[in-house]
Structure formats: structure tokens, C-alpha cells
Amino acid sequence: MIKGIFTDLVLLKINGGIMNTESAVKREDIRAYIAPAINWAMMKSYYLNIQSEGNRDFPSQFYGTFNDLDIVRPASARPYFILPKGYVPLPSNQGIRYVTDGCDNTYTPLQDSDMALINYYSKQLTGVHFYRPSGNQVQLIGLPKLMNKISAVVIVDVDQLTDDDILPIQAGQEVDAINVCVEFFTGQRQLPGDKLNNKADINVA
Amino acid sequence: MIDVVKLYNRQNEVSKNGTTGYSDQDDFNDRLYVAQFEIAEILCDNYERNQKVKDALSEHVISADVSVVSGQLTKPTDYLRGFEVWPKASGNIFPATEININEVSMYATSYVRKPDLAKKQVYYYFLNNKYNFLPGSSFDATLVYCKKPVPATITLTESSTDNSDFLTPTGGTNLAWPENLFNLFLYSMLEKLGMEMKDNLVYEYGLLGIQLTTNKLTTTA
């Protein structure tokens, strides 16, 4: 389901099928709340998948691939690259699905607890490459010396999707996510003013 | 189109104007001017209520391509009531929301509703007799509004014979309204005429007629 359809479905439900510019809840309000609702639905399906199948994957159709990202090599810090878009803040940085280069090296994610042992890992595990995200900057450890471009596959943050982008909701979870949004906005005044002229609104006798 | 001469004749027939007093063409034209604005206001207030009202205002509700310059749009000279503004991006329209003055600063600083042309989040408010937009950018738009009624006029030409004086009405400009509003205009003219002439019967008849016809128009079918 694309973001634009999701937004308008919520808007229609909240306004009882009426779409006009007097509606108290606007598309921009719903767009702002989509990310929390989708993240909730993603986590729910993630844990359901683990419970039922032991599967920690997300549907790969939601993955966004960024190729040929420039690697920056500062003089006194680890090499890094910048992700052009934010990623979904899933536990254990799973919003970044993988990092790979053009030589079939797939980089291994490091957790907080691994960082203290990074010196040990990099010397003992030669040929294994690591990455460690910090915001949109992703540090690279054990990077081949000649490498200057890299690719990353991420689940893009819902806030940064356009209305025509597909939302990362697993099939079957769409209704839940819509209902979460509807519930949040229910109770707000739906058609507060009669600035236009239909005299059918709640403040007009 | 309502024939102004027919309206004049009908008004005189109902009010027995010939025996209750005399009003010249300027009086008639002035009353007609007031009646047009009065009826336009009543209909504008109910524009979206039903098809009857939309049809009644069909000659007056128009759209115009306009350019918003630095967030401001001067109202057209024939502007009576604004209905909607549709900003355009790449030739396609998108919604703009009217906000009140006490909402402007909140919208301008809101993280959710912050005005942003690229995100198609555009708001407008009325200040200094202009449309003022958030954000204060320049863009093309379509303005939908009700235009002012064009004044309709009649000319009365006097002529006399040995025994009688006559007034011959000729239409200058007819009323640019659908003919099914003829009665509403007649009642409105009679109400004003009745008031001018202190003629209770004409006044009450006109008032009752206005109520009946506006009720009919605005009752949702």
C-alpha cells in the first residue's frame, strides 16, 4: 500500500467519508502519525514472524538500496559513509539490512557491546569487515584500502517516503496500522467551522 | 436572465403602484441594486446546501487563474465571496486551507502543519483586504469565488396625451440570474417598496414571499 492511499483512507474514516478543506484533521497530521503507526505494525509482525517461523527477515520489497555511496576517509577517524535517507529505528539497528561493496564483501553489524572489543575483532577476524551506524553516518571497520564506493540496503524511515512510495507494512497488518491512526485522531473535532457555506457542521444549529 | 421590464411591470401590478404612490426609475434601480446583493448573500450562505442553490448562483460563481506573488493575492474587482483557492504545482491543483488570524503564528511554527509548498501544505488567511498565504511564496492558483451582481437598470420614458400621463419602461440591463428566481426578486422588490411607501400589506406580502422562496431553495431536496 502506498503512503498516499494510507493517508486518505485514514482521512476518509475520520471524516465519515467527507473530504473537504474544512476538516480539522488534515493530511499533514496523518502523515506525521504514519511513522509511529507503521513502526508499531512492523514490530508486531516482526515478533509474530519470530514466534511462528523463527524468521527475523522483513519483506524485502520494502528495502531501499543506495548504491555507489562515497566513502569518506578522515585522517584521524574511521572511514565512513553517509546514508542519503534515514532508516527505520528498529532494535539492533535492523533498519539497515546490510552493507556491501563491489567485491562481494558483506559487512557485519557491530553492537554497542562489541565496540570495546573492536581492536581484538579486527585483528583476529581478518577478512571480516564491520560497520557501525551512528545516526546517518555509518562507520566502516576493516575496509579494504582501495575501496572508495559502497552500497547499503535499508528500510527507509516512513517520514522520508513520498506519497507514492510503498509503506513497509507486511500483508495483513495494514488494517491494524490504519486503525491505530484512526483511533489516535478520533475525538478531534472533525468539521469545526463552517467557513464555507453548507451549514451542515456541528456548530451550526 | 430575468427581464427587468417584466419585473417592473409585475411589481406594479402586485403593489398597485399607480394608486399607492410613485417611484421613478432611480428608485426602482436602487431597490434592484439592493435586492441583487441581498439575494446573492442569501444564496452564497447556502451555496453548498443543494443543487437548487448551485444552479441559482451558476452565473455568479466563477473560477479565475490567478498568480500569488510573495504570498499575497489581491481580490478581483468583482469579488463578492471567496469559496476556495487551489494552488497549482506542475499544472495540477492541490488544497489550500483557510485559517483564522489567531492561527497564523501557530501554523507558521508548527512542526506538523508547517507551511511548505513542496509538501503541498498551503494555508491562507485574510488581512489588508487580500488573500495572504503561508508560505509566502509565489505560485499560480485557481480562485473560485462569487462575483458581484452587475447592476440591472430600467429606463422610464414619460409621455402624455390630453387625458393621461404614461410611463413606458425599457430595459437597460437585465438581471443576470436564472429565471426561476423571478419570484424571489419580485418579493424582495415588493418588500422594499412596501417599506418605502409605508404600505404594510405590500411589505408583509414581500417578506412572506422571501421567506417562502428562500425556504424552498435552501431545503435540502
Unmet criterion (only one of (1) in a strand (DSSP E or B); (2) charged (D, E, K, R); (3) within 14 Å of chain A (Cβ to nearest Cβ); (4) within 24 Å of A:V25 (Cα to Cα)) for B:R49: (1)
Among (1) in contact with a strand residue (DSSP E or B) (Cβ under 8 Å, 6 or more places away or on another chain); (2) at pLDDT below 95; (3) within 11 Å of another protein chain (Cβ to nearest Cβ) - the single one B:Y123 does not satisfy: (2)
In region A:141-185, residue farthest from A:I14 (Cα to Cα) [restricted to those that are without any contact (Cβ under 8 Å) to a residue 12 or more places away in the chain, outside any loop (DSSP other than H, G, I, E, B) and out of contact with any helix residue (DSSP H, G or I) (no Cβ under 9 Å at 6 or more places or on another chain)]: A:V175
When residues of region A:22-68 are limited to those that are within 14 Å of chain B (Cβ to nearest Cβ) and closer than 17 Å to A:M1 by Cβ, the one nearest to the chain's Cα centre (by Cα): A:A35
Residue match in region B:82-105 (condition: open to solvent by less than 60 Å² (accessible area, probe 1.4 Å), of a type in the set (F, W, Y) and in contact (Cβ under 8 Å) with a residue 40 or more places away in the chain): yes
Any hit, region B:190-199, residues being open to solvent by 50 Å² or more (accessible area, probe 1.4 Å) and either touching a Leu at 6+ places or on another chain (Cβ under 9 Å) or in a helix (DSSP H, G or I) (or both): yes
Flag if A:T106 is β-branched (V, I, T), open to solvent by 60 Å² or more (accessible area, probe 1.4 Å) and free of Cβ contacts under 8 Å to residues at least 24 places away in the same chain: yes
Filter result (part of a strand (DSSP E or B), under 30 Å from A:V10 (Cα atoms) and open to solvent by 80 Å² or more (accessible area, probe 1.4 Å)) within region A:35-83: A:T65
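Sort out which residues of region B:52-77 are over 30 Å from B:D116 (Cα atoms), away from chain A (no Cβ under 14 Å) and in a loop (DSSP other than H, G, I, E, B), and write them in order of number. Write out each step before concluding.
Initial filter on region B:52-77 (over 30 Å from B:D116 (Cα atoms)): B:52-60.
Applying the additional criterion that residues be away from chain A (no Cβ under 14 Å) yields B:55, B:58-59.
Hits for region B:52-77 are B:S58, B:E59.
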Residues that are open to solvent by less than 20 Å² (accessible area, probe 1.4 Å) and either facing chain B (nearest Cβ under 9 Å) or without any contact (Cβ under 8 Å) to a residue 24 or more places away in the chain (or both), drawn from region A:7-21: A:L11
Those residues of region B:194-220 which are in contact (Cβ under 8 Å) with a residue 40 or more places away in the chain, of a type in the set (A, V, I, L, M) and touching a Gly at 6+ places or on another chain (Cβ under 8 Å), in sequence order: B:M197, B:V202
The lone exception for B:Y125 - which of (1) of a type outside the set (G, A, S); (2) within 24 Å of the chain's Cα centre (by Cα); (3) open to solvent by 80 Å² or more (accessible area, probe 1.4 Å); (4) over 30 Å from B:F182 (Cα atoms) it fails: (3)
Exclusive hit being under 17 Å from B:Y205 (Cβ atoms) and open to solvent by less than 80 Å² (accessible area, probe 1.4 Å), set B:A40, B:A35, B:A56: B:A35
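The values are calculated or read from the model by the stated rules, or taken from the named source; none is laboratory data. All figures in this text were calculated on a predicted structure; none of them were measured in a lab. Note that each Cβ is placed from the backbone with ideal geometry, even for glycine, and that neighbours are counted across all protein chains shown. Accessible surface areas use protein heavy atoms only, side chains included; no ligands, DNA or RNA. Shrake-Rupley method; radii C 1.70, N 1.55, O 1.52, S 1.80 Å.
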